Amino acid sequence: MVKNGSDGPETANEPRKSPKIQILRQYIRDFSFENIMAQKGVSDEVTPEISVQVSIDAKKRAGGSQYDVLCKYSVTSKNRGKKDETLFLLELEYCGLFQIENLPEQQLHPFLLIECPRLLFPFARRIVADITREGGFPPLSLELIDFAALYRQATKKGTDELAKSGS
């Protein structure tokens, strides 16, 4: 018998199935853009400072092997030169529906929170650039996001919180 990398042995009658990943759908779940600069009529020289917050969530759908992956982007632009007044606020919830089969259970959680957001990111990035341009600002091209680092940060924080509550 040959081990297939999972918990059980591989037999001649049961070949190892390769993982199958498919994006079934992607969509904007929620979106908001406020051009505060236009509302207040700011006409002074502007020195923008951009802040980007990202959060990821994934949930299994009832039945089957489909998963919803939600990426939340919150972008704030402030005028550094004048009391940190806000220029614009953008909030985007971008979702993907994934069909995932034959992926070992121990790999599923990191895959959902690292690889799936990585596949969705170029589309969310394009939406942010288009909306900021249409909102009267230069197009904002979000820098690449290290979803693996975000995942490690979140799991470390969860482990730390678990350790605190256990003591």
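Just a few scattered comments:
- Size of electric dipole in the stretch 29-139: Cβ of Lys, Arg +1 and of Asp, Glu -1, about Cα centre, debye, nearest 20: 20 debye
- Extension gain, R61 back to L89 (0.36 nm per residue minus Cα-Cα distance, nm): 6.9 nm
- Computed accessible area, K156, all protein chains, 1.4 angstrom probe, square angstrom: 120 Å²
- Estimated FRET transfer efficiency when R0 is 35 angstrom, pair A149-R80 (beta carbons, to 0.05): 0.85
- With the simple model of a label 7 Å out from the Cα in the direction of the Cβ, K156 to D30 spans 2.9 nm.
- Estimated from the Cβ-Cβ distance and a Förster radius of 41 angstrom, the FRET efficiency linking L103 and E134 is about 0.60.
The values are calculated or read from the model by the stated rules, or taken from the named source; none is laboratory data. Given the structure is predicted, the values throughout are model-derived calculations rather than measurements. Here Cβ is always computed from backbone atoms with ideal geometry, including for glycine, and neighbour counts include all displayed protein chains. All accessible areas refer to the heavy atoms of the entire protein, side chains included, with ligands and DNA or RNA removed. Shrake-Rupley method; radii C 1.70, N 1.55, O 1.52, S 1.80 Å.
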